[in-house]
Amino acid sequence: MTFVTKPSSILFLLLLGFFNADAQLGPSSLNGPGIAINTDYLPASRYIRPEDSVKTHSTTATKRLSMGIAFNLSTWKDTSTGAFRNWSMAVSGSYMKFTNEKYENAIMPNELLATDISLLHTRNLRGKWSLMAMVSTGVYTDLEKISYKDIFINGGVLFIKQQNAKFVYGFGAAFTNAFGTPMLLPGLYVQWNTGKKFKVEIVVPEKFRVSHKLNDFVETAIAVRMNGGSFDVEKYKDDRRLLSYKEMTVGWENNFYLSNLISVNIAGGTAFLRSVDYRKKSLSEMFKTMPEHKLSTNWFASAGVRIHF
């Protein structure tokens with residue numbers, strides 16, 4: 001069996017970056033203005049060859065340090081009609097260090113850096129509809145050489161409907177220059193949650209989370225999270241400069257609310273998927289299947305702190 005990356009997975013990575021600018025923060029992701037810092041450790045896992053699915057003796061371990069800052073620029077609301085407009089900004093960064101052992105040829109990257117600054121605008125429309133527009137630019141690189149090729153510009157517009165207090169959905173379009181030529185992609189967003197003490201959250205494409213608030217200070221949860229991104233890299237054959245990294249984890253998350261301003265989270269569980277693939281930065285490459293270089297299932301640990309403005 002050969003592992004390949006389908007076009008839908010590339011679309012998923014691009015949309016993940018659009019809908020969640022601080023995706024790499026995982027359980028430390030901000031839901032409002034504040035600062036978040038998170039660190040993750042994924043221990044050495046054996047490399048699985050794409051051509052025959054053989055689990056080799058080559059191994060890769062990953063350490064990640066992430067940080068995000070979000071703040072409001074301006075907010076306007078008409079209390080008589082409910083009309084509102086909001087402008088906000090976010091700055092995020094994530095550094096991943098890969099420790100690769102016993103590889104005959106370089107396959108996994110040595111390090112990846114993603115930095116991003118984004119501007120977000122939301123406003124109400126008619127009825128239960130609202131609009132969310134975002135534009136961001138950042139550097140996504142393997143740090144071998146930083147040039148204009150490492151600068152990615154993303155953005156898009158979503159029309160969102162608050163169906164009821166629990167269910168939100170939206171559709172629109174996102175654009176990116178990740179493949180060199182700017183291109184437009186369809187966008188879909190779905191969020192569903194229930195309750196206060198016991199809550200189920202489904203945010204497509206980011207997470208599925210079931211949580212229970214034990215008291216005012218402790219919240220515990222089980223979560224399935226998708227993570228990833230695209231990077232411009234230097235050292236890969238046949239001019240395949242676009243690296244796509246994907247990660248899926250299932251874990252137990254615990255949030256401790258030390259005060260109204262500070263919360264700490266600790267998480268751990270299983271990393272079911274970690275993989276990379278390489279392709280050329282051209283539109284035709286987006287629709288090709290590529291060998292997917294996977295790492296075997298292993299545990300992970302995560303810890304972070306959030307300061308809420």
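Derivation of every value follows stated rules applied to the coordinates shown; laboratory data play no part. Values in this document were obtained by computation on a predicted structure and should not be read as measured data. Here the Cβ is made from the backbone with ideal geometry for all residues, glycine too, and neighbour counts use every protein chain on show.
Given the alternatives (i) 30, 49, 20, 2; (ii) 31, 59, 10, 0; (iii) 31, 52, 17, 0, P(r) over Cα pairs in 20 Å bins from 0, in percent as computed for this entry is given by (ii).
Could you work out the local net charge near residue 246, counting Lys and Arg as +1, Asp and Glu as -1, over the other residues with Cβ closer than 11 Å to its Cβ? Net of charged neighbours comes to -1. If the Kirkwood radius is taken over C-alpha pairs of the range 203-309, then at 25 °C and 0.890 mPa s the Stokes-Einstein diffusion coefficient equals 151 µm²/s.
Which net charge results when you count Lys and Arg as +1 and Asp and Glu as -1 among the other residues whose beta-carbon is under 10 Å from that of residue 106? Net charge in that neighbourhood comes out at +1.
If you line up the long axis of helix 7-19 against the longest principal axis of the chain, both from Cα atoms, how many degrees apart are they, to the nearest 10? Value to nearest ten degrees: 40. Per the Kirkwood formula applied to alpha carbons, the range 73-155 shows a radius of gyration over Rh ratio, Rg over Rh, of 1.24.
Legend: residue pairs 63/197; 145/281; 128/246; 97/166; 63/166; 199/294, Cα-Cα distance threshold 27 Å; pairs beyond threshold, 63/197; 128/246; 97/166; 63/166; 199/294. Other residues whose C-beta falls under 13 angstrom from the C-beta of residue 280 contribute a net charge of +2, scoring Lys and Arg +1 and Asp and Glu -1.
For the chain, the 222 nm mean residue ellipticity estimated from helices alone, with every DSSP H stretch of n ≥ 4 adding -39500 (n - 2.57) and the total spread over all residues, rounds to -1500 deg cm²/dmol. Between the range 252-278 and the range 141-219, the C-alpha centres lie 17 angstrom from each other.
A Förster radius of 41 Å combined with the Cβ-Cβ distance from residue 184 to residue 272 puts the calculated FRET efficiency at roughly 0.80.
Taking the alpha carbon gyration tensor of the range 118-263, multiplying each eigenvalue by 5 and rooting it gives semi-axes of 33, 23, 14 Å, largest first.
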